[in-house]
Every structure is written in C-alpha cells, then in structure tokens.
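Here the structure is laid out as structure tokens; the discussion comes afterwards.
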Number of protein chains: 2
Amino acid sequence: MTRTKTAAKPRKTKAKVTRKLDSKPKNAFYAQSGGVTAVINASACGVIETCRQNRGRIAKVYAGRNGIVGALLEDLVDTGKESSAAIRALRHTPAGAFGSARYKLKKYEDSPAQYERLIEVFKAHDIGYFFYNGGGDSADTCLKVSQLSQKLGYPIQAIHVPKTVDNDLPLTDCCPGFGSVAKYVAVSIREAGFDVASMAKTSTKVFIMEVMGRHAGWIAAAGGIAAQKAGDAPHIILFPEIPFDEQRFCARVKECVTAYGYCAVVVSEGVRNAEGKFLADAGTKDAFGHAQLGGVGPVVAQLVKDRLGYKYHWAVADYLQRAARHIASKVDVEQAYAVGRAAVQLALQGHNAVMPIIQRTSDQPYRWKIGVARLEDVANQEKMLPRDFITADGLHITAKARRYLAPLIKGEDYPPYKDGLPVYVTLKNAPVRRKLSTPFVV
Amino acid sequence: MTRTKTAAKPRKTKAKVTRKLDSKPKNAFYAQSGGVTAVINASACGVIETCRQNRGRIAKVYAGRNGIVGALLEDLVDTGKESSAAIRALRHTPAGAFGSARYKLKKYEDSPAQYERLIEVFKAHDIGYFFYNGGGDSADTCLKVSQLSQKLGYPIQAIHVPKTVDNDLPLTDCCPGFGSVAKYVAVSIREAGFDVASMAKTSTKVFIMEVMGRHAGWIAAAGGIAAQKAGDAPHIILFPEIPFDEQRFCARVKECVTAYGYCAVVVSEGVRNAEGKFLADAGTKDAFGHAQLGGVGPVVAQLVKDRLGYKYHWAVADYLQRAARHIASKVDVEQAYAVGRAAVQLALQGHNAVMPIIQRTSDQPYRWKIGVARLEDVANQEKMLPRDFITADGLHITAKARRYLAPLIKGEDYPPYKDGLPVYVTLKNAPVRRKLSTPFVV
C-alpha cells in the first residue's frame, strides 16, 4: 500500500495559468466518471457547496451530463438552478446525479479534435476550472485536460476528485466509495453467515457471495473484517491476486463445514485460475475494453456441489453493493465530501493537475487529513492489495489488512426516510443554453 | 388476500388439556423452523421475555436446537442461562439463534414413533407448552403436535408463531419476516435504479435483480413500492403467478430503455414459462422436495442481451435479502415481537392449536392488532398474490397492491453498531442435561 509519506509535493503543482487570479471569476465544470458509488454525489456536494461559498472567485458550476461526454457535446447542466437543499441532499444520494460515463479521451496526438472541442466548449462557457470525479481512467482524462494550458494555451486548472469502489488509486490511503462498499460487503456476509449457520444442520452448508473487484481484491478483503473470531463468517475469501487453487479451496471448505457446521465464502469477480483466465469470463467487454465479468459465484458454488456434495446457495451483489447508500460508511461519506471540498480549495490556491488525497495519520484512533498528489503520479496506476494483507494460505486477510480496513467502515450515515424508503434527490438538471452551432460526435 | 374478517374464532380454540391451569408450572418448548428471517429472533425474544414475565405459570423455556429436530433428539437449550440483555438482543439479531431446520413431521399413521418420541421428550422435561415459529410447513407440524393431547393423552398446548419471508400464510394480514425482506428489496432496487440511470448513456442499460418467492410473488411485488412515479425503478416485475411472456417482456424493456434510458427489473426466482417450467430450474430439490431454484436473474439478463442487444448487469440477492436485519422494517420487527408475545398469552389463556395473526384495521394511517386463527385453517395453505395486485399487463403492481404493501416496510429499526458493524448476539445455547437414554434417529 502506498503510504502517506510518498504523497504530495503541493508547491510544485501550482498552475502556470496565464490569467490573473483576481480577474473576473471563471465558471467551473464538474463531471462524474466511471462506475458510480454510494458517495460520489457527496463529493459533488462538496465541490458545489464550496464553489457556492466562493462566488466571488468561481462564478457558476456547470456539470457535464454523463461525464466528459457532456463537455464534448456541450451538454451542460446549470447547478445554479438547484436549491441549496437539493445540493445538500446529494450528500446522502447514491449514484451519479449528473450521469456518469465510461469514456476515455484519446491521446492528444491521436485525436486533437477532441481537445480542440473541449477548449471550444470551455471557452464558450468561460470555464476556468475542471473538476473531474472518478477513478484511474478519469485521472488520466483529467491529466490530459490539465495539459491544455501548456499545449494549447487555454488557461484551465484541472483537479481530479478521487472516487472508486475498487480502492485502487495510488498515493491516497483509500478511495472515497470504497469504505461504503466495504461496509456493505462486511455487513452482508455477517448477516448471511448468521443465516447459514442457523440452517446448516438440515439445509445449506456452503454460501458463496460474489463481490466486485476486477483486478484488485480490496472489496473481497473488506468482507474479512466481519470475521472477528474463529468460526465467524466469512471463512474463506477468494482474491483476484491469488490464483484459484481448487484443491486447497475445497479442502478448506470441508474443514470449515466440519468445524463450524457451515462455510461462508466471499469471492471476487476477478478470481482467475492458474493460467490467468477469469473463472467467470462472460466473453464480452466494456467500453474501456475490460472483460465483462459476472457469475463466478455460481461457478464456485457448482464446484462445491460437484467436489464435496454440500448443499449451497450463492448471491451476486453486483450494483447493489456500490449503490447501497442506506448502509454507507460515515467515514467514507465524510472523506468523499472532503475531497470534493479540497478540490475547489486547491483550485483556488492555484493548483493544476493534482488530486486531493486521504492521508492516514493514525490507525487507532483513526485519524486522517487531506493531502495532495500530482496527477502524473496517479493516472493509469492500479494499487493492488499487498501480499501481506492476505494470509499465507491465500484464503483470508491478515491482521495488517484488518488494521488498514477496519477504520474505513466506521460509523453509520443513514439517509432520511419517508414511508420506509430512503429519500434520494433527483436534480432538475436544467440544461445550460448551448452557445455552439458546431456539432460534435462522441 | 385473506382479510381480517375471516380470521379467528378464539373461544373455540381453548385447549382441552387435562391438567389444571393452577397446577405446578410446566416448562415451555420453543423452536424455529424453515427458512430464517431478519426478525424471527424478535419473535423468540417476544416468546422468551413474555414467559419470563410469567414465571409463576411457565417455569422454564427450553429451545429446540434446529427446530423440531431438537425435540426429537432431546437436544434442548436452556434459555434460562441467557442474560436478559442477551435475550433483548435477539430482537435486533437476524437468522435463527437456536438453529432452524427444514424438517416436517410425517402423518401420525405413517410414523407413530416420531410422536411417541416427542411425548417421551416432553414428559422427561415437563413440557406443557409448545411454541413453534415458522411458515406453512411448520404450522402443519404444530397442528400435529397440538393433537397429541387428544390422540395420545399428553397434555400440551401448541401455539404456532407465524414467520415467513414468503408472506404466504393464510388468515394473517401479513407474515413477520416479510416486511423486512420487502424493505430490503424496495430499497435495493431503488438504489440500483439510481446507479443504472446514471450510467446508462454509455454503459449498462438493463439491470435485473432476482429475489426470493418460489410460488408467490409477494417479495417481487414489494420491489414495486420503490416506483413512485413514472420512470422510477423498477420498471418491470416478473411474478411467479404470471407465465413468462418473452415477447411482452422484451417489448416492455425496449419501451423503458427508449423512454427512460434504462430499465430495472425485479424477477422472482419462481418465474415459470407458459408450460409451467421454472426458468431457472437447477434440477435439485430441498429436504421438503421443493425444487432448488437459483439463477433466473442471469437467464433473463442473457435473454435481454440476445434479443435486444442491451448491455446488462444482474444481481441475485439470495440470503442477503432475508438476513438483512440492518435494514429491517420497524413495523415488521414490532409485529414479529408481538406475535411471539401473543403466542405466550394465548397459551396462558388456555388456547391450543392456534396461531396469533396480524389483523389490519386501517391502511392509512396504518393500524394493526393481534388476532388469532385456528391452525387447522392455516396449515399447508399458501396465500397467493391476488391477481388484482398485478397490473393487467402482468408486469407491475397495482394501486391496491401498493396500499397493502406500503405500510409493511415503514420505519427503520437499526441494530446497534460497533466499529462499523452491527452487533448481533450469539447465545450461549447451554444444553439441557439429557434425561433419556433411548436413542432416536431423525
């Protein structure tokens, strides 16, 4: 894991923008990118509320509809049309209020038209700040936008706001969005464990819960926090980092059923066999060219049935886990808001091509502060689960992992309810009048 | 739906037990049966706390380990060894604290040995009250036990405590356990709907969430509450009561994607095709001989891909939905506790072969009270979702369904948390010393 000492040389990231800081206030652009989370809107809330508190220096906040696609298509939303209550409600609303997109800018050399279009749109709407809320792919997009100043002479400050349930961004201690999915997974496997334990005598003996995490096992690892003493669920965790060893896995399942009467397993969607092939490769790919996975839960469950003959059940949490604002981590919500707020503050301090990060200053009691990292150190990097977070047998988490993970799920931050359902806000998303007549196709 | 007017002739259910009510207090037997729920332990809490408040008339409460199996094997737990704090904590702990079982007594004629064994165990432990907490199958077991008095001359009062996520018991307005799974499903599809809506422009357009409900579509219907205005998720519900019509389904999916940009679907595990075959028949059966289902979510998702070409995601909630105490319905928790409490009160009033039921006295504001039904009217009956709860096109719920369902998910009843995880109790479950040397095999 990247620790805080490696992060941040803020002074060197100050923007070399050509306009003066005391000139007429520019507008800001904010957009959400990649897979959404339970708390990405809390970051949006942090960005927008902080901009509103600095009206003298940032005029309007325009949001891109569907991420960077909104900028390319000049499809902008005027967040100024939203009441402060609506913006405040973003803090407890999951998913992407302005629409998110899986869309990655090409290299400047390969598609200068994209960049010229961005400048055209930014210029038309007097945009001087670019806040991009996403994961590794969008950090790369944000970095490219930040280079418009130098490369094309358009004065803009691009700040990346970290977000990803995958927790795989480098330099930051953790990624907003992860703590809440971690909490969902830990709570869910604890609850399912109680269920299976109580039925195991005459019914299901093995329960498999599939969770997200294509390449890094952070989410699967989080399930491990629920196991606090011997016999607690989950008994086994299958990580993408550890090649699936059928014999070892089956032996451990049998051991658990013998010792505890049942076995609860958390399996990452990204588990691969010894040849590096996903156990559940659906054969399709997403817009970034990543393989679309799904269904490793039933694959592993069937294996248990075939090899050991135990009755099984399986669950695939899929989007439920990353949308589960109802069980969000309070720490996560606070951090998501804080990085949104910090992004604006960094912009106001003159930074460009940076990302606010979470710096942990103490494990217990858990303390953290906001730091800053350079985007060129962040973009296109994946922070894998360290090997020493996984036990020697490859089937559970270590005390070190537990120390890292445990604080991230702390605290509850319940949304308001009406008639038994959480009240999530849907914004008006009033469009900004288009100023360009030139069409653009993404 | 069976309404309250058909329920309860309490006076006729008074037990004709041979002992006097003022004789030396008998012990009580309590056990949990069938699939567990988020609130079955709240009923246990209601039973045990109410017995403790009536120590002069009910001496000890012994719990059967793993349902009726515990009685047959003389595998009893002395709940008297648990602190009042531990018993109180049952109210917020999901699953079955004493173990549950899928085990159905045979007819007396086919297996008199089973019944003789029960009497042997009850006699050995001076048990005069039998509280059995379960669904339709266990109501049948409870009825059989209640007949021991007349058939074999053993004085016992058997009271059934209703519980089932399936909501398919007759006479009671709803079944404890259902309200919480209903809330889980409604909250989850609302959250996933927000997620998919925000990504649909460039990513997943159709999301399928599979929920429980083998024969009755109550749980799937509950998802419908989340859709409060046009365009809200879920857009489609697939019920076991409505034969799956591929063309109609695909046409509606396409309509939704066109109108709203995406489509969120709740599908019941029990959906069948026109020939009556489960869409997801795994070919295996459970201990009651019911087909083991699972995986209709991916089947429907694949269909969407093949017929319409939309990018899809699917989730299978499985045990997570019925174990999700963290998002339990307050109404459900209160009703679960109330039926446990009422069961003891009915016993103390001299009843036998009855079940406390929930009687709705008003939809809005929602009001309910406890009534009583005779077990012979309850056992082995399934209350199906009425056709007029389902829209004419078979793909959503009606206003009438909404009126019935909405109150059942009202209110939150959060468990206590420590370090970000819900604190659920694991009882000591101290065994009662065996008094019988005769072995028995179940």
Inset, instruction - Go over the candidates B:K60, B:K81 one by one and state the one that is open to solvent by 50 Å² or more (accessible area, probe 1.4 Å), modelled with pLDDT of 95 or more and in contact with a Ser or Thr (Cβ under 9 Å, 6 or more places away or on another chain). - result: B:K60
Inset, instruction - Can you run down the residue pairs with Cβ atoms below 6 Å, 6 or more apart or on separate chains, where the first is in region B:159-175 and among the basic types (K, R) and the partner is outside any loop (DSSP other than H, G, I, E, B)? - result: B:K163/B:I40; B:K163/B:N133; B:K163/B:G134
Inset, instruction - Give me the pairs, please: first residue somewhere in region B:245-274 and surrounded by 24 or more Cβ atoms within 10 Å (Cβ to Cβ), second residue anywhere and part of a helix (DSSP H, G or I) and among the small types (G, A, S), beta-carbon distance under 6 Å, and either six or more positions apart or on two chains. - result: B:Y262/B:A197; B:A264/B:G193; B:V266/B:A220; B:V266/B:G223; B:S268/B:A220
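In the set A:D393, A:D388, which member is in a helix (DSSP H, G or I), more than 14 Å from chain B (Cβ to nearest Cβ) and open to solvent by 10 Å² or more (accessible area, probe 1.4 Å)?
One residue alone meets the criteria, A:D388.
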Inset, instruction - Could you give me the residue pairs with C-beta distances under 7 Å whose first residue belongs to region B:409-420 and is facing chain A (nearest Cβ under 7 Å), whose second residue is open to solvent by less than 50 Å² (accessible area, probe 1.4 Å) and hydroxyl-bearing (S, T, Y) wherever it lies, and which are 6+ apart or on separate chains? - result: B:I409/B:S329; B:K410/B:S329; B:K410/B:Y366; B:G411/B:S329; B:E412/A:Y417; B:G420/A:S329
Legend entry - Conditions (1) aromatic (F, W, Y); (2) within 30 Å of B:A197 (Cβ to Cβ); (3) open to solvent by 10 Å² or more (accessible area, probe 1.4 Å): number failed by B:W368: (2)
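State the number of residues belonging to region A:126-136 that are more than 18 Å from A:V339 (Cα to Cα) and surrounded by 20 or more Cβ atoms within 10 Å (Cβ to Cβ). Give the steps one after another, and end with the answer.
Residues of region A:126-136 more than 18 Å from A:V339 (Cα to Cα): A:126-128.
Keeping just the survivors that are surrounded by 20 or more Cβ atoms within 10 Å (Cβ to Cβ) gives A:127-128.
Adding up the residues that qualify gives 2.
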Legend entry - Search result, residues across region B:158-197 that are within 12 Å of another protein chain (Cβ to nearest Cβ), among the polar types (S, T, N, Q) and out of contact with any Pro (no Cβ under 9 Å at 6 or more places or on another chain): B:S188
Inset, instruction - For A:P234, state whether it is modelled with pLDDT of 95 or more, away from chain B (no Cβ under 11 Å), open to solvent by 10 Å² or more (accessible area, probe 1.4 Å) and farther than 30 Å from A:V121 by Cα. - result: no
Legend entry - For A:A317: the one exception among (1) closer than 30 Å to A:F249 by Cβ; (2) more than 9 Å from every other protein chain (Cβ to nearest Cβ); (3) touching a helix residue (DSSP H, G or I) at 6+ places or on another chain (Cβ under 9 Å); (4) at pLDDT 95 or above: (2)
Legend entry - Among residues of region B:301-338, those that are open to solvent by less than 30 Å² (accessible area, probe 1.4 Å), polar (S, T, N, Q) and not in a strand (DSSP E or B), counted: 2
Inset, instruction - Take region B:25-71 and flag every residue that is under 15 Å from B:A89 (Cα atoms) and part of a loop (DSSP other than H, G, I, E, B). - result: B:A38, B:V39
Legend entry - Subset of region A:417-436 (residues that are open to solvent by less than 60 Å² (accessible area, probe 1.4 Å) and outside any strand (DSSP E or B)): A:G420, A:Y424, A:V425, A:L427, A:N429, A:A430, A:V432, A:L436
Legend entry - Out of B:V185, B:V161, B:V165, sole residue that is modelled with pLDDT of 95 or more and part of a strand (DSSP E or B): B:V161
Inset, instruction - Give the residues of region A:35-51 that are open to solvent by 10 Å² or more (accessible area, probe 1.4 Å) and within 9 Å of chain B (Cβ to nearest Cβ), sorted by residue number. - result: A:G35
Legend entry - Search result, residues across region B:200-211 that are touching a residue at least 12 places away in the same chain (Cβ under 8 Å) and either within 9 Å of chain A (Cβ to nearest Cβ) or over 17 Å from A:N66 (Cβ atoms) (or both): B:A200, B:K201, B:S203, B:T204, B:V206, B:F207, B:I208, B:M209, B:E210, B:V211
Legend entry - Test for A:A197: is it open to solvent by 10 Å² or more (accessible area, probe 1.4 Å) and modelled with pLDDT of 95 or more: yes
Inset, instruction - Give A:A71, A:A89, A:A97 a once-over and let me know the one that is surrounded by fewer than 22 Cβ atoms within 10 Å (Cβ to Cβ) and at pLDDT 95 or above. - result: A:A89
Inset, instruction - Would you mind telling me which numbered condition in (1) within 25 Å of B:K383 (Cα to Cα); (2) in contact with a helix residue (DSSP H, G or I) (Cβ under 9 Å, 6 or more places away or on another chain) B:A216 fails? - result: (2)
Inset, instruction - Please go through region B:384-405 and pick out each residue that is of a type in the set (G, A, S) and over 19 Å from B:F249 (Cβ atoms). - result: B:A399, B:A401
Inset, instruction - Could you check A:I370 against (1) touching a His at 6+ places or on another chain (Cβ under 8 Å); (2) in a strand (DSSP E or B) and say which number it fails? - result: (1)
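Take the residues in region B:99-131 that are among the hydroxyl-bearing types (S, T, Y) and out of contact with any Phe, Trp or Tyr (no Cβ under 8 Å at 6 or more places or on another chain), then tell me which one is nearest to B:A31 (Cα to Cα).
Going through the qualifying residues, I end up with B:S100.
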Inset, instruction - Sort out which residues of region B:68-95 are away from every other protein chain (no Cβ under 14 Å), closer than 26 Å to B:I156 by Cα and of a type in the set (A, V, I, L, M), and write them in order of number. - result: B:L76, B:I87
Inset, instruction - Go over the candidates A:G70, A:G96 one by one and state the one that is of a type in the set (G, A, S) and touching a Gly at 6+ places or on another chain (Cβ under 6 Å). - result: A:G70
Inset, instruction - Could you give me the residue pairs with C-beta distances under 7 Å whose first residue belongs to region B:121-135 and is on the phi < 0 side of the Ramachandran plot, whose second residue is among the charged types (D, E, K, R) and in a strand (DSSP E or B) wherever it lies, and which are 6+ apart or on separate chains? - result: B:I127/B:K26; B:G128/B:K26; B:Y129/B:K26
Inset, instruction - Scan region A:253-264 and give yes if some residue there is modelled with pLDDT of 95 or more, assigned to a strand (DSSP E or B) and either more than 29 Å from A:Y103 (Cα to Cα) or away from every other protein chain (no Cβ under 13 Å) (or both), otherwise no. - result: yes
Inset, instruction - Could you list, in sequence order, all residues of region B:212-231 that are in contact (Cβ under 8 Å) with a residue 60 or more places away in the chain and within 11 Å of chain A (Cβ to nearest Cβ)? - result: B:M212, B:A222, B:I225, B:A227
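Let's see how each residue does on (1) closer than 30 Å to B:V331 by Cα; (2) not hydrophobic (A, V, I, L, M, F, W, C):
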site	(1), (2)
A:R367	no, yes
A:P386	no, yes
A:F389	no, no
A:I397	no, no
A:A406	no, no
A:G411	yes, yes
A:V423	yes, no
A:L427	no, no
Inset, instruction - Looking at (1) closer than 16 Å to A:A430 by Cβ; (2) hydroxyl-bearing (S, T, Y); (3) touching a residue at least 24 places away in the same chain (Cβ under 8 Å), find the lone condition where A:Y115 falls short. - result: (1)
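The values are calculated or read from the model by the stated rules, or taken from the named source; none is laboratory data. Note that the coordinates shown come from a computational prediction; the quantities given were computed from them, not determined experimentally. Note that each Cβ is placed from the backbone with ideal geometry, even for glycine, and that neighbours are counted across all protein chains shown. Ligands, DNA and RNA are stripped out before the accessible areas are found, and what is left, the full protein with its side chains, is counted by its heavy atoms. Shrake-Rupley method; radii C 1.70, N 1.55, O 1.52, S 1.80 Å.
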